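Read the structure below first, then the notes.
The values are calculated or read from the model by the stated rules, or taken from the named source; none is laboratory data. None of the values given here were measured: they were computed from a predicted structure. Here the Cβ positions follow ideal geometry from the backbone for every residue, glycine too, while neighbour counts run over all protein chains shown.
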Amino acid sequence: MPISRLARILLLAAGFALLIPAPAGAQESSFVPEKLHRLLNNEISGDRAFNAVRRLTPFHRIMGSRTFLAAAEALAEMARDAGLVDVEIVKQKFEGGLSWDARSAQLWLLEPEERKLADFADVAVSLAVFSRSARAEAELVDVGGAAPADFRNLDVAGRIVLTTAAPALAVRTAVWERAALGVVSCAGIHPDARFDTPDEIAYIKVPAAVPAGKTPPWAFMISPREYGRLQELLRKSRSEGRAVRVRADIDTEVREPAEQAFLWGRLKGSEIHDQDIVLTAHLDEESTSANDNGSGCASVLEIGRALNALIGQGKIARPKRDIVFWWPNEHTSEYQYLRDHPEVRKNWLAAINQDMVGARQSLGSRVQHIIRTPYSLSSYLSDVIESVAEYVIDSNSSFLASDEGGLPQPFPKPILSFLGSRERFDALVVPHSGGSDQEFFCEGVVGVPGVALINNPDPYIHSSDDDLWNIDRTQLKRNAFIVAAATLFVANAGDADVPLLGAEVFSRAVKRLGKDLATGSALIREKKSGSCAQSYRDALNLLEQAAEREARALASIRIFAKEGGRNAAALEKQGRSLRALAAGLIRELGDAYILASGVQTPPAPSLTPLEREMSVLIPANADSLDEYLSKRGWSVGFPGLHPIMAKECYCFVDGKRTYLDIFRAVQAEAISAGEFYYGRVAPEKVKTLLDLAVGKGALRLKKESRRTAGKAGTARTD
């Protein structure tokens, strides 16, 4: 029986793999030697990290607030005690932000009975963030969802409204449009909170900006259960012909100009001081906010303490590169810092972000996500963190076969805290995701590979329930172990490590390319793009872009290779081998098309009129980094595109790729991850986004675009 083309391709891949060191199995990782496992497992303490979370929870750490600064001071003291150097709180301007502090706030039910309904001193999130000072005593009226229809035949002027709506909406419809005095809301960010967590009080904001002539807004937050009580009281009082009256007393302060801050420290390397490994965890959030993100802050701190202790004990060598520990104001601190100091990005080699790494996973079915870099910044770092994470996952899971063989139970290599749970480690390695500080580093204009550890789902985030009781010391330790091991490897990596990195990236690339081949074949077979021919074109683009993605990941290892050395040459050879493998897989797509369509030849490349137009437009970033960021903004959501795909449209801009190149790259990324993950990407959406970015000056069209505009042809490939 003749050997199939696919079989030949796989044999070829196996042959290439024999030329390089093979990566370790899942219960081993070449990035975590046995001795290092033992040292980190003995030194990293989830119990110590938990105590750091405990010290942070009393602070209502709102962006730009004095309490944020107080929390930063407390954490700075802990960082110095942990042995970090250059510990500093850096203050920054806060464009578009608000420096707001609450001194006190109480909401009282006065009639038909006296009862305290909310108190900022008891539960800080019971006062909506950015609420302004007020003293009001008035009738309470229920406006349901605070939509325009809810106010029909209802006069709320001079009254306080009770609502299920978000305070921002109720402020607009009830206070600013209909002269209500203020808002009492049971809104939450979790749709099922009223069923699953009826006593949860959400952490929500009123508008920070107040339009001219409008009443300064305020709102109290209550639980779904309390809302039900008040609804019943209103119904009963109405039947008795009595009013329900409440009193609000609020004392807050807004300071101008708005100011923010971040805390950082350093563990100095022994040799290299311009290739920092940056560990981040945002410090801001509400009072308690134990998992989001007291856990990340404490984990970063504990990693610094543990590494410094092991160095001091002579158990590990001081890493070659500096490790920077950064506790920012989420999203905004980094952007402002880069605008103030654009040169610093040249000193960052890699970044690992931790945001929610202490969840008791049996509460709320929470899963730890290990987040890779995006397509636009394919990197060895993703495979390093994936390898270490898989090692910890498998080492802290129970397997029937192991039990049958009498091997160690319940876990092969347990990572446990003294007072933590004995639960397995439930974690997934996933494609790039946003929502936290890794996004900043992965920006195209920053260009620093950033990965992250974030749990999802989380029914307690941004609420009064995000407290110490749902934190697991064991999960704190496991996640700190992953980050510490990956950090140490990257901090010490050099030319001798290039073969190891090449083997890891190459072998995982083969697996990813195989998955993309399966996705592309299904695309053709099921005509998911509408027609068999269009599905083939989309599948072909998927494989071509995947080959580029993996080639970029391999090329990222060059940073460690000696120029002109033997390992650099081996890396180049691996790149050629990978492209040869990808070319073979692409030919398989042609066979899949022939089988699905009955046509003997796959369709030739062709462009639609829109694609021809896109193929001659070459965007480039604004000349100044400050200009680019100020005109674009850090949030780039766009209707009809997943927010990560919208961000990727910007990240692929390099002054060489055309609009069409960018669309094809982003479309392939979405198809590879799956429609459930990134949705769909349409060319007209990408073009409109880029056109608008050019219009507002964040991007500019290069002269080549104007010279070639109107000419027919294919997309640029340079």
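Within the stretch 580-596, the set of residues being in contact with a helix residue (DSSP H, G or I) (Cβ under 6 Å, 6 or more places away or on another chain) and surrounded by fewer than 19 Cβ atoms within 10 Å (Cβ to Cβ) comprises Gly584, Glu588, Ala596. Checking each residue in the stretch 165-188 for being surrounded by 22 or more Cβ atoms within 10 Å (Cβ to Cβ), outside any loop (DSSP other than H, G, I, E, B) and out of contact with any Pro (no Cβ under 8 Å at 6 or more places or on another chain) picks out Ala170, Ala174, Val184.
Scoring Gly590 on the criteria (1) over 35 Å from the mean Cα position of the chain (by Cα); (2) touching a residue at least 60 places away in the same chain (Cβ under 8 Å); (3) closer than 23 Å to Asp516 by Cα leaves a single failure, condition (2).
Just one of Ala258, Ala317 is more than 23 Å from Trp100 (Cα to Cα), touching a residue at least 40 places away in the same chain (Cβ under 8 Å) and aliphatic (A, V, I, L, M); which is it?
Values: Ala258 fails: more than 23 Å from Trp100 (Cα to Cα).
On inspection, the qualifying residue turns out to be Ala317.
With respect to the conditions (1) in the same structural domain as Thr164 (by TED's automatic domain parsing); (2) under 30 Å from Trp326 (Cα atoms); (3) not polar (S, T, N, Q), Ala212 falls short on a single one, namely (2).
From (1) in contact (Cβ under 8 Å) with a residue 60 or more places away in the chain; (2) within 23 Å of Leu517 (Cα to Cα), pick out the condition that doesn't hold for Gln600. Result: Gln600 passes all but (1). The set of residues in the stretch 104-152 being under 13 Å from Met221 (Cβ atoms), charged (D, E, K, R) and not in a strand (DSSP E or B) consists of Asp122 alone. Checking each residue in the stretch 384-426 for being surrounded by fewer than 18 Cβ atoms within 10 Å (Cβ to Cβ), part of a helix (DSSP H, G or I) and among the hydrophobic types (A, V, I, L, M, F, W, C) picks out Leu400, Ala401.
Where residues in the stretch 497-539 are small (Gly, Ala, Ser) and not in a helix (DSSP H, G or I), which of them is surrounded by the most Cβ atoms within 10 Å (Cβ to Cβ)?
Residues of the stretch 497-539 that are small (Gly, Ala, Ser), as a first pass: 502-503, 507, 509, 514, 518, 520-522, 529-531, 533, 535, 539.
From what is left, the residues that are not in a helix (DSSP H, G or I) are 529-531.
Working: Ser529: 17, Gly530: 9, Ser531: 11.
So, considering only residues that are small (Gly, Ala, Ser) and not in a helix (DSSP H, G or I), the one surrounded by the most Cβ atoms within 10 Å (Cβ to Cβ) is Ser529.
Let's see how each residue does on (1) exposed (fewer than 15 other Cβ atoms within 10 Å of the Cβ); (2) out of contact with any strand residue (DSSP E or B) (no Cβ under 7 Å at 6 or more places or on another chain):
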site: Ser624; (1), (2): yes, yes
site: His642; (1), (2): no, yes
site: Val653; (1), (2): no, no
site: Leu660; (1), (2): no, yes
site: Ala670; (1), (2): no, yes
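Residues in the stretch 680-705 that are crowded, with 19+ Cβ neighbours inside 10 Å and within 25 Å of the chain's Cα centre (by Cα): Val681, Lys685, Val686, Leu689, Leu690, Ala693, Ala698, Leu699. Cβ-Cβ contacts under 7 Å between residues 6 or more apart (or on different chains), taken from a first residue in the stretch 543-564 that is touching a residue at least 60 places away in the same chain (Cβ under 8 Å) to a second residue that is among the β-branched types (Val, Ile, Thr) and surrounded by fewer than 22 Cβ atoms within 10 Å (Cβ to Cβ), are listed as Glu544/Ile586. Applying the condition of being acidic (Asp, Glu) and more than 17 Å from the chain's Cα centre (by Cα) to the stretch 627-661 and asking which residue is modelled with the lowest pLDDT yields Glu627. Flag: Val451 does not match the condition of being over 16 Å from the mean Cα position of the chain (by Cα) and either part of a strand (DSSP E or B) or among the β-branched types (Val, Ile, Thr) (or both).
Has the stretch 344-361 got any residue that is out of contact with any strand residue (DSSP E or B) (no Cβ under 7 Å at 6 or more places or on another chain), part of a loop (DSSP other than H, G, I, E, B) and more than 18 Å from Asn291 (Cβ to Cβ)? The answer is no; no qualifying residue exists.
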